[in-house]
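> Handing you this structure, nothing more for now.
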Amino acid sequence: MRSRLPAAVICACIALAGASLALPADPVYDAWAWLVWGRELSGAGLDLNLGPAWKPLAVAITAALALAGDAAPQLWLLLVRVAWLLTLVLAARLAYVLTAGHAQRERIAAAAFGALSLLLALDPDTAWLRQGAEGMSEPLLVTLVMGAVHAGVDGRVRLALVLGGLAGLLRPEIWPLLVVYGVWSWRRERGSRPLLAVLALAIPALWFGPELLAAGNALGGAQRAQRGDDGSLQAVLDVAQRALELPLLAAWPLALLAAADRRARVLLAGALGWIAVVALLAAAGDFAGLARFMLPAAAIVGVLGAVGLARLLALARGHGQRPALAALAAVALAALLAALALQLPPRLAQLRESAQLTARIGHSHERLRALVRGVGNDALLRCGALATSDVSVRTALAWELGVPLADVVSFGRLPHQSGGFVIGPQAPSALRLGVARRAVLLGRRGEWLAYSLDCPASAASRSSSSGRPRTAGVSGARR
């Protein structure tokens, strides 16, 4: 039986996400870069030499949003927040579908557990709430993966392939799973073969083609995302620990209980396979094994935990079961509920803290934008590239100024070249004092200050399009 999300639920997610835009928040470093690239792509002038890792789907979306002009950042946040809310709905819905045949109360409990496990996902680097509030790509990724799983469970193979293919344009960890599912669908459903051929050509072309054409290096983004680890074994252990902590602790034993069902075994194998790919890439030093890279797997484990919970509730109810088995199930249920009760307070506290941090960052970046608009592009770019002490706002400044990423550089010590400089809250005191002694203050908004250093007032504004050499800055976040 095919299950579809009611239109009212989707509209409610859109309404809630739209209302959330009134709260202070700002896109993260990567999202601003995608917005800049989307704007450049829509204007036929793409520069990929600097910035975070290239993600084809994210840039394709921002290229479309660029048609809305200055509203593009807000529209991106709206889209990601809708996706974030939909992940919770999809987790609940999938748990409800997979528990067909159970009593209604058990199915409702399963749906609640599936959504709660994802809502309270524990990411020590960037909280799950912040990932949605600040426009990261992971909410889109989890939505697409959950949608693909829904479609696969419903027998809609081609829809599952399309959604999985779109997810494959956001993260490479899904590629091995796509290959496995693609081989299965090639053999089982002949009608999917043309789609499989398109995906096999399109995914690598969209990942590597733009960077090859725009930057001359098809692996430029991947190389910027690479980092060294303490050792392959330690990297694997770190990934395993993050994977265990991501969903609610009770989800793992409950997922094993659910694995008595064939569909659950397939989904659990897929989740474990995803985690294994993250571990292997981290061990090889290709990517950091961050918790958010495993969020789709954690969401599936939470859903399978919900299925296991429904089964445990049925066993504890004792209907048609031996009394000893029912008593054992009741004891196990009590232990799992106790573990859940212990986990709820710290994870709810993380939700609150991440909301407060998001608001503080949003207010701070509002003051930064006010400073940039007050000082003006001409003053900040009169002598070339603008520099900033805070690498995390480089891409935001590039968007605000309407320039390529190469026109905003970062520094960690007193610069020697002339130009405009924005000093932020992360700047060391020695740098603040050094710039203040040598430079002319252009403006201040709260913790943000703008200076002009050794730049004549009569100097003409220059941009990267004028042929001047570009100054390379710090490439930024780990991706």
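> Kindly indicate whether any position in segment 382-405 is at pLDDT below 90, exposed (fewer than 15 other Cβ atoms within 10 Å of the Cβ) and outside the structural domain of MET136 (by TED's automatic domain parsing).
no
> Yes or no: segment 309-324 includes at least one residue that is within 26 Å of ASP123 (Cα to Cα), part of a helix (DSSP H, G or I) and in the same structural domain as GLN131 (by TED's automatic domain parsing).
Looking through segment 309-324, at least one residue is within 26 Å of ASP123 (Cα to Cα), part of a helix (DSSP H, G or I) and in the same structural domain as GLN131 (by TED's automatic domain parsing).
> Continuing with this model, one more query. Identify all residues within segment 51-88 that are among the small types (Gly, Ala, Ser), surrounded by fewer than 20 Cβ atoms within 10 Å (Cβ to Cβ) and under 21 Å from PRO296 (Cβ atoms); write none if there are none.
Answer for segment 51-88, where residues must be among the small types (Gly, Ala, Ser), surrounded by fewer than 20 Cβ atoms within 10 Å (Cβ to Cβ) and under 21 Å from PRO296 (Cβ atoms): just ALA60.
> Could you check, for segment 176-190, whether at least one of its residues is within 30 Å of GLY318 (Cα to Cα) and among the β-branched types (Val, Ile, Thr)?
no
> Separate question: Among the residues that make up segment 253-275, is at least one of them buried (at least 23 other Cβ atoms within 10 Å of the Cβ) and over 26 Å from the mean Cα position of the chain (by Cα)?
yes
> A follow-up question, please. Scan segment 338-356 residue by residue and report those that are farther than 22 Å from GLU134 by Cβ and without any contact (Cβ under 8 Å) to a residue 60 or more places away in the chain.
Answer for segment 338-356, where residues must be farther than 22 Å from GLU134 by Cβ and without any contact (Cβ under 8 Å) to a residue 60 or more places away in the chain: ALA338, ALA341, LEU342, PRO345.
> Same structure again: Is at least one residue of segment 22-33 surrounded by fewer than 22 Cβ atoms within 10 Å (Cβ to Cβ), out of contact with any strand residue (DSSP E or B) (no Cβ under 7 Å at 6 or more places or on another chain) and free of Cβ contacts under 8 Å to residues at least 12 places away in the same chain?
Yes, segment 22-33 contains at least one residue that is surrounded by fewer than 22 Cβ atoms within 10 Å (Cβ to Cβ), out of contact with any strand residue (DSSP E or B) (no Cβ under 7 Å at 6 or more places or on another chain) and free of Cβ contacts under 8 Å to residues at least 12 places away in the same chain.
> Read through the list (1) buried (at least 18 other Cβ atoms within 10 Å of the Cβ); (2) at pLDDT below 90, then give the number of the only condition that LEU414 fails.
With respect to (1) buried (at least 18 other Cβ atoms within 10 Å of the Cβ); (2) at pLDDT below 90, LEU414 is out only on (1).
The values are calculated or read from the model by the stated rules, or taken from the named source; none is laboratory data. Quantities reported herein were computed from a predicted structural model and do not represent experimental measurements. All Cβ positions, glycine included, derive from the backbone under ideal geometry; neighbour counts span all protein chains shown.
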